[in-house]
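The values are calculated or read from the model by the stated rules, or taken from the named source; none is laboratory data. Worth saying up front: this structure is predicted, and the values here are computed from it rather than measured. Note that we place each Cβ from the backbone using ideal geometry, even for glycine, and neighbour counts take in every protein chain shown. These area figures cover heavy atoms from the full protein model, side chains too; ligands, DNA and RNA do not enter into them. Shrake-Rupley method; radii C 1.70, N 1.55, O 1.52, S 1.80 Å.
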Amino acid sequence: LGKFFQQRTYSFLSFERDYKSYFPIAVTRLNKAGLEENIQIYKIGIGDRLLIRSNEIIPVDCILIKGSAQIDYSFVTGESQAVFKESGEKLFAGGKQLSGLLEVEVLKSVSQSYLTQLWGNSVFSKDKASAFQTLTDSIGKRFTAGVLTIASLATLFWLVYEPSMALNVFTAVLIIACPCAIALAAPFTLGNMLRIFGRQKLYLKNTNVIERLAKIDTAIFDKTGTLTTTKKDAILYEGVELTSEETNLLKTTLRASNHPLSRSLYGILKSNAIMTLDEFQEHTGKGIEGRANQHSIKIGSAGYVGGDSVHTSADTAVYVSTDDDFKGRFVFKNKYREGVAKVFQSLGGFMQIGVLSGDNDGERKQLQKILPVRTQMHFNQKPEDKLEHIELLQKEHKVLMVGDGLNDAGALAQSDVGIAVSEDINVFSPACDGILDASQFNKLSIFMELSRKSIQVIKMSFVLSLCYNIVGLYFAVTGQLQPVIAAILMPLSSISIVLFTTLMTNALGQKLKQPTN
């Protein structure tokens with residue numbers, strides 16, 4: 001039953017997704033009469049008027065005509081903080097409108113938009129597997145040439161000294177030195193390891209990815225959504241302590257708002273005394289206000305609530321005032337995935353580590369606490385910046401890119417191995433070589449280690465096969481081995497290699513089942 005569900009999981013995974021998998025199939029267009037009509041996304045033309053509703057994706061570059069935009073570009077740029085836009089400002093494809101209805105005018109078609117132009121890069125048509133020479137290929141060519149040389153020389157010798165033995169010797173050499181064992185070593189080792197990885201929720205595109213993982217010497221990570229979790233934030237309060245009545249009013253007011261920061265803050269407040277508001281107002285792009293029992297509370301930007309603008313920093317924060325008296329602010333810190341520091345500590349022992357983030361550098365100090373010394377960190381990186389950085393590194397290194405969104409797609413495709421981290425493997429993930437369930441991120445260094453050990457198992461299998469072939473060749477070349485006997489003995493080497501690789505990879509896989517903390 002477990003194998004069935006594993007196979008079903010693989011059937012739903014896609015390693016070739018691009019922006020088309022993320023964008024909507026259809027959008028709402030306003031015709032010349034002002035009536036709404038649903039059209040396919042690829043029928044959008046320059047100058048069309050579109051309606052973008054709350055939580056919908058902006059499919060094209062456009063100008064905001066009506067409404068106040070609150071755009072989440074995190075899936076495109078990696079920037080976790082929402083961007084506010086007013087009428088007349090430009091919006092880019094790939095952003096998500098968080099609250100309210102927008103009317104926009106199209107500036108570019110889908111294929112010409114800023115985001116989709118990234119997919120015109122030749123890196124997305126690159127076949128990493130065909131460009132990589134596998135261990136079996138490199139050894140197999142030499143092995144075949146060696147066997148044919150030995151068979152030819154042995155046959156020439158026996159043609160001179162005892163011609164009647166020449167054909168038997170030639171046949172016995174080719175049979176006993178059959179490359180079957182060598183040919184089976186890699187598929188069985190890597191195939192079984194692919195299955196083991198899958199059970200631990202790292203789903204790789206093919207066995208070739210494991211061989212490429214084994215050669216990695218540099219690992220580059222995205223920050224937002226990769227090192228940090230999207231499911232919870234660390235929220236700190238800075239300011240004058242709120243009374244229980246103020247906390248009750250704060251939570252009640254937050255309850256009426258659908259803003260992502262409001263929902264996060266609402267979830268961590270301890271108060272359960274929900275009251276009925278006398279008045280509630282939401283000012284898009286500024287904040288919200290609630291009134292009850294002759295008291296008022298404002299929650300939002302520093303300017304809106306009357307806070308000191310100097311207090312504003314790169315941190316994402318929500319400011320609070322009660323009865324027009326400024327109280328303080330709630331600072332939203334990224335919550336890093338469990339085991340991140342340990343993963344970096346393990347990987348830092350045998351490879352270089354780096355961070356490429358589309359977010360601002362507000363988390364630099366926090367990252368410095370968990371990253372190895374001398375780790376390079378680059379912030380405010382656009383998708384093309386990430387791709388170019390990976391390409392530059394590849395001149396001297398084999399690079400692993402670990403990301404999660406469309407902003408990482410170019411870097412994932414350019415890297416020697418690209419792994420997408422996903423909170424839900426059945427939802428969107430960009431084109432990549434592997435998909436890692438976010439819950440298993442703390443095992444990334446173990447996956448890397450087992451990839452290298454898998455290659456060691458293959459090499460050990462080659463040595464065992466070589467020893468068998470040397471002994472067999474001795475008897476074959478000296479004429480002491482009949483072709484029939486050679487044909488009987490030959491499968492034994494293949495069976496022994498299959499058993500050896502299966503047992504060794506199963507033993508290695510036990511490390512993934514051990515607790516990592």
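Being under 21 Å from PHE441 (Cα atoms), modelled with pLDDT under 85 and in contact with a Phe, Trp or Tyr (Cβ under 7 Å, 6 or more places away or on another chain) is a property that LEU406 has. Residues in the range 333-363 that are part of a helix (DSSP H, G or I) and either touching a Gly at 6+ places or on another chain (Cβ under 8 Å) or not basic (Lys, Arg) (or both): 10 in all. Screening PHE23 against (1) at pLDDT 80 or above; (2) open to solvent by less than 20 Å² (accessible area, probe 1.4 Å) leaves a single unmet condition, (1).
Counting only strands (runs of 3 or more DSSP E) that fall entirely inside the range 365-461 and contain at least 1 residues that are open to solvent by 50 Å² or more (accessible area, probe 1.4 Å) and touching a His at 6+ places or on another chain (Cβ under 9 Å), the qualifying elements are 376-378.
Selection of the range 312-327 for residues being modelled with pLDDT of 90 or more, out of contact with any helix residue (DSSP H, G or I) (no Cβ under 6 Å at 6 or more places or on another chain) and buried (at least 19 other Cβ atoms within 10 Å of the Cβ) yields VAL320, LYS327. Hey, among the residues in the range 206-256 that are in a loop (DSSP other than H, G, I, E, B) and free of Cβ contacts under 8 Å to residues at least 40 places away in the same chain, which one's farthest from the chain's Cα centre (by Cα)? Among those residues, the one meeting the criterion is THR243. The conditions of being open to solvent by less than 10 Å² (accessible area, probe 1.4 Å) and farther than 30 Å from THR322 by Cα are met by ALA177. Scanning the range 257-297 for residues that are over 20 Å from ALA317 (Cβ atoms) and either of a type in the set (Val, Ile, Thr) or outside any loop (DSSP other than H, G, I, E, B) (or both) yields a count of 9. CYS432 fulfils the conditions (1) on the phi > 0 side of the Ramachandran plot; (2) under 11 Å from the mean Cα position of the chain (by Cα) except for a single criterion, (1). Selection of the range 452-468 for residues being touching a residue at least 40 places away in the same chain (Cβ under 8 Å) and out of contact with any helix residue (DSSP H, G or I) (no Cβ under 7 Å at 6 or more places or on another chain) yields LYS459, MET460. Does GLY225 satisfy the condition of being farther than 29 Å from LEU464 by Cβ and among the small types (Gly, Ala, Ser)? The answer is yes for GLY225.
The set of residues from the range 470-506 being touching a Leu at 6+ places or on another chain (Cβ under 6 Å) and open to solvent by less than 20 Å² (accessible area, probe 1.4 Å) comprises SER494, ILE497. Screening TYR304 on (1) in contact with a Ser or Thr (Cβ under 6 Å, 6 or more places away or on another chain); (2) open to solvent by 20 Å² or more (accessible area, probe 1.4 Å); (3) among the aromatic types (Phe, Trp, Tyr) shows it passes everything except condition (1).
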